[in-house]
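The values are calculated or read from the model by the stated rules, or taken from the named source; none is laboratory data. Keep in mind that this is a model prediction, so the values were computed, not measured. Reconstructed Cβ throughout: ideal geometry from the backbone, glycine too, with neighbour counts over all protein chains shown. Note: areas computed on protein heavy atoms with side chains; ligands, DNA, RNA excluded. Shrake-Rupley method; radii C 1.70, N 1.55, O 1.52, S 1.80 Å.
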Amino acid sequence: MSAPAASVVYGRAIAQRLHRRLRRALASRRGRPRLAILSCRAPGSALYLKIQRARAAALGIETMHAVLPSDVAPVMVELILRAWNDDPSIQSI
C-alpha cells in the first residue's frame, strides 16, 4: 500500500479568508464584541498578548487583559475567570 500524496496547505491564505468572513460577521452585529485575555509574566507572554490584541483590533474586537505573576495561586485564576464569566460585557475569554 502506498502512502497518500502530500498536499500543500496555504495557511496564510486560509487565515485571511477566515478573517474576512469573521470581519463581515462581526460588522453585522450590534455593538462591539469584547474579549478577555489572561496571561502571565513569563517569557513569550508579552508577545502573545501583543499579537492577540492586535489580531482582535484588526477584527474590530475590543480586548481587556490581566497579566498575572507566573507563580499565581490557582484560586486567583479561578476568581478572575469567574468574574469575567459573570460579566455580560465579555463575550469570550
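Here is how the numbers come out for the structure above:
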| read-out | value |
| --- | --- |
| Accessible carbon and sulfur surface of the chain relative to its total accessible area, %, 1.4 Å | 58 percent |
| Heavy atoms of I93 accessible to a 1.4 Å probe, total area in Å² rounded to 10 | 90 Å² |
| Given charges at beta-carbon only (K, R positive; D, E negative), |dipole| of the chain in Debye | 740 debye |
| Nearest-ten-degree value, helix 45-58 long axis tilted from longest Cα axis of the chain | 70 degrees |
| Ellipticity estimate at 222 nm from DSSP helix runs (n ≥ 4, -39,500 (n - 2.57)) divided over the chain, nearest 500 | -15500 deg cm²/dmol |
| Solvent-accessible ranking of I80, I51, largest area first, probe 1.4 Å | I51, I80 |
| For L68, distant residues with modelled amide H under 5 Å away | S39, C40, R41 |
| Accessible area (Å², per residue) of the chain, counting only protein heavy atoms and a probe of 1.4 Å | 78 Å² |
| Principal-axis tilt of helix 11-27 within the chain, Cα atoms, nearest 10 degrees | 50 degrees |
| Contour minus Cα-Cα distance for Y48 and D86 (0.36 nm per residue) | 11.2 nm |
| Packing rank of 2-8, 70-76, 43-49, where each peptide gets the mean count of other beta carbons within 10 Å, highest leading | 43-49, 70-76, 2-8 |
| Cα radius of gyration and Dmax for the chain (Å) | 17.8, 56 |
| Two-site label geometry, R20 and R41: point separation in nm, points 7 Å out along Cα→Cβ | 4.4 nm |
